[in-house]
Structure formats: C-alpha cells, structure tokens
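The values are calculated or read from the model by the stated rules, or taken from the named source; none is laboratory data. All values reported here derive from a predicted model rather than from experimental measurement. Don't worry about glycine lacking a Cβ; one is built from the backbone with ideal geometry, like all the others, and counts go over all protein chains shown.
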Amino acid sequence: MSGGGGGSGGYSSGSSRGPITKERVKNDVEISIENTKKAEFEAEVNDRLKELLTSYNEKDTELINERLEEIGGLLSDYLESSINIRRGGSWSKHTYVDGLSDVDCLFVLSSTKFAGESPQQLLDELTQLLKRQLGDKATVERGDLSVRITYGDGPELQILPALKNEKGVRIPSGDSEGWSRVVSPEKFAEKLTAINQNLNGNVIPVIKLAKGTMSDVGLNPKVKGYHAEALAVEIFQNYNGERTKKAMLEYFFSKASELVRRPIREVSGQSQYVDDYLSSAGSAEREAISREMKGICDKMKRANDNRSSDDWFKGIGI
C-alpha cells in the first residue's frame with residue numbers, strides 16, 4: 001500500500017482534525033461567534049471599569065494642599081514649632097478613592113520638644129484649637145489617634161500627630177495613652193509599589209475598584225482601606241492570571257473571601273495585625289464578610305455566563 005498525503009477523500013492537507021463536514025464547519029462558526037461575543041463582553045466591562053476609575057480619581061489636590069497648608073500654619077503658630085506634613089494612608093499609596101477615602105496626613109513634630117507630652121492631651125488641644133479657628137468652615141472631631149476635619153465641599157482630612165527622631169516615627173498608641181514604638185509605614189507602601197509595578201500598574205486600580213465595590217454593596221461590617229490593601233498584597237504577590245481590571249477584580253474577591261477569615265500580620269510595626277478590628281480567625285464578623293464577598297463572586301460568574309455587562313455591574317453594586 002502506497003503512503004500518501006493528498007487532498008483527496010475530503011481531507012484537508014496537513015490537518016489532524018479529520019474530514020471537513022457541514023457539522024464541523026457549523027461548529028467552527030459557532031465557536032467563532034461565541035469567542036467574538038466573549039471578547040466584546042470582556043472589552044465592554046473593562047471599558048466601563050475604566051470610566052469608573054476616572055470618577056474615583058477626581059480628587060482636588062490643589063484644594064487639599066491649600067487646606068493642609070492653612071491647618072499646618074494654625075498648628076505651627078500654636079505649638080511654636082515647625083511641622084512637616086507627610087502624606088499618609090491611601091493618599092500616599094495612590095489607592096485613594098474620591099468620596100470613599102479620607103485624606104490621611106502625618107503632622108510630624110520635633111521629638112525633642114514634644115516627647116514628654118501625652119498624645120491624648122495634644123490631640124485634645126489641637127481639636128479645640130481647630131474648632132475655634134475654623135469655625136463654620138469645617139466640622140472638627142477628635143478620634144482615638146487623630147483629628148478629623150470635614151469640609152462641606154471637599155474630602156475629609158484626618159490629621160495624625162507624629163514624633164520624629166533619628167530612629168524613625170512614633171504616633172499615638174492604640175494600646176496605651178502614650179506614643180507608639182517606632183513605626184515604618186513605608187515598608188508596606190514599598191511592598192505594594194513593587195507588586196503593582198510587577199503587574200504593569202494594575203494592582204492599585206484594582207484596589208480602588210475593590211474599595212468602591214465593597215462600599216457600593218454595603219459590606220457589613222465594613223472593610224477598612226488598609227485591610228483591603230493588605231488583602232491585595234497577599235492576593236497578587238504571586239499572581240499569574242490575565243492582567244485586565246475585570247479579571248483581577250474577580251480574582252481579588254475570589255481569594256479575599258477566604259483570606260478575610262484569618263488575620264493578616266502588620267509589617268509597619270503599628271500593631272500586630274492589619275485587621276484586628278475583626279477579632280480572631282473565624283469570628284462572626286469575618287465569616288459575614290466572607291459570605292458577602294462570595295456572593296459578589298457568584299453574581300460575577302452568573303453575569304459572565306450570560307454575557308451581561310449590566311448584570312456584572314449590578315453584582316458590584318452599580
């Protein structure tokens with residue numbers, strides 16, 4: 001029997017898929033149509049996420065800087081000491097979401113001059129001073145560790161006094177009436193920045209989208225911003241999936257629904273855990289958040305099956 005590889009008998013040359021039949025052609029066409037629909041759906045969702053990010057990024061930096069300069073001037077005059085204003089929290093890590101995040105700032109003071117003063121007493125003094133000086137321009141409230149200043153036409157400012165010495169920065173302690181041990185908030189920021197750069201700058205936008213989603217669906221209890229960022233670091237440090245906002249947001253909630261059930265260690269030295277506000281592993285609060293995150297994942301999956309961008313966005317509360 002002679003070997004041959006001609007095009008006779010209905011076989012395509014070089015093909016391992018067998019004869020070209022009407023059924024095969026029909027199946028190939030259906031697959032092509034389905035792939036096109038999926039690509040269009042994915043593109044539509046990613047385009048809408050891009051628009052959503054634009055709305056999250058609408059922060060009036062000039063106005064914030066003007067108000068921080070005004071507050072810094074008032075406080076430095078009162079304290080008779082210069083103040084170094086540093087960005088903190090989500091603002092320093094570029095995970096700020098307009099309308100959802102506070103503008104956190106460290107007002108760094110001389111350790112030599114203020115180390116002997118109680119941070120709680122200092123917070124009381126600063127709160128009363130700002131209430132008198134700002135009057136009707138803003139609402140001033142004293143928190144456990146900071147002073148919150150809320151303007152009617154702009155973001156909330158959260159002022160955290162800090163002491164600087166040759167070893168680092170100390171802030172009001174959450175565990176006592178005194179100052180904390182030396183903290184290094186830049187350690188976490190550096191880790192987040194490295195992971196974000198490794199994934200082509202996609203992690204920080206996804207954190208913003210995750211924060212917005214958790215706010216829009218009304219997670220109860222609420223997940224704090226720093227906790228959301230720490231979850232993202234855990235989730236994306238070894239990520240090898242698609243680098244689109246949609247795929248990464250889906251992956252975030254899929255993994256976070258499990259990770260949120262246990263505490264995450266704090267790396268900056270501010271406390272033992274990032275999320276100690278949710279109590280111990282397996283607490284009722286953690287399980288409640290886990291179920292709600294799982295619900296978000298389930299809605300996304302159903303919307304993916306139906307190729308419905310409207311349903312997908314309803315799943316994240318929009």
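Residue count for the range 227-276 satisfying the condition of being under 19 Å from E292 (Cα atoms) and of a type in the set (S, T, Y): 3.
Criterion applied to L145, L163 was being hydrophobic (A, V, I, L, M, F, W, C), over 15 Å from the mean Cα position of the chain (by Cα), buried (at least 17 other Cβ atoms within 10 Å of the Cβ) and in a loop (DSSP other than H, G, I, E, B), and the one residue passing it is L145.
From the residues in the range 51-64 that are surrounded by 12 or more Cβ atoms within 10 Å (Cβ to Cβ) and at pLDDT 80 or above, which one is farthest from M248 (Cα to Cα)?
Our first condition is that a residue be surrounded by 12 or more Cβ atoms within 10 Å (Cβ to Cβ); within the range 51-64, this holds for 52-53, 56-57, 59-60, 63-64.
Within this subset, residues satisfying the condition of being at pLDDT 80 or above are 52-53, 63-64.
Details: L52: 15, L53: 14, L63: 33, I64: 31 Å.
Out of the qualifying residues, it is L63.
Annotation for the range 10-21: at least one member residue is at pLDDT 75 or above and either in a helix (DSSP H, G or I) or in contact with a Ser or Thr (Cβ under 7 Å, 6 or more places away or on another chain) (or both). Screening the candidates S280, S268, S257 for the property of being in contact (Cβ under 8 Å) with a residue 24 or more places away in the chain, of a type in the set (G, A, S) and closer than 30 Å to I171 by Cβ yields one hit, S268. State whether one or more residues within the range 186-208 are on the phi > 0 side of the Ramachandran plot, in contact (Cβ under 8 Å) with a residue 12 or more places away in the chain, part of a loop (DSSP other than H, G, I, E, B) and over 15 Å from the mean Cα position of the chain (by Cα). Among the residues of the range 186-208, at least one is on the phi > 0 side of the Ramachandran plot, in contact (Cβ under 8 Å) with a residue 12 or more places away in the chain, part of a loop (DSSP other than H, G, I, E, B) and over 15 Å from the mean Cα position of the chain (by Cα), which makes the answer yes. Every test in (1) closer than 25 Å to K224 by Cα; (2) modelled with pLDDT of 85 or more is passed by E70 save one, and that test is (1).
Scan the range 219-258 for residues that are part of a helix (DSSP H, G or I) and either of a type outside the set (A, V, I, L, M, F, W, C) or surrounded by fewer than 17 Cβ atoms within 10 Å (Cβ to Cβ) (or both) and the total you get is 13.
Conditions tested, residue by residue: (1) under 23 Å from M248 (Cα atoms); (2) at pLDDT 90 or above; (3) out of contact with any Cys (no Cβ under 6 Å at 6 or more places or on another chain); (4) not assigned by TED's automatic domain parsing to the domain that holds D153.
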{"site": "N35", "(1), (2), (3), (4)": "yes, no, yes, yes"}
{"site": "K38", "(1), (2), (3), (4)": "yes, yes, yes, yes"}
{"site": "N46", "(1), (2), (3), (4)": "yes, yes, yes, yes"}
{"site": "E66", "(1), (2), (3), (4)": "no, no, yes, no"}
{"site": "L74", "(1), (2), (3), (4)": "no, yes, yes, no"}
{"site": "L79", "(1), (2), (3), (4)": "no, no, yes, no"}
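This table checks each residue for (1) at pLDDT below 85; (2) among the hydroxyl-bearing types (S, T, Y); (3) in the same structural domain as F252 (by TED's automatic domain parsing); (4) closer than 18 Å to K245 by Cα.
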residue: E125; (1), (2), (3), (4): no, no, no, no
residue: R132; (1), (2), (3), (4): no, no, no, no
residue: R142; (1), (2), (3), (4): no, no, no, no
residue: S146; (1), (2), (3), (4): no, yes, no, no
residue: Y151; (1), (2), (3), (4): no, yes, no, no
residue: T193; (1), (2), (3), (4): no, yes, yes, yes
residue: Q197; (1), (2), (3), (4): no, no, yes, yes
residue: L231; (1), (2), (3), (4): no, no, yes, yes
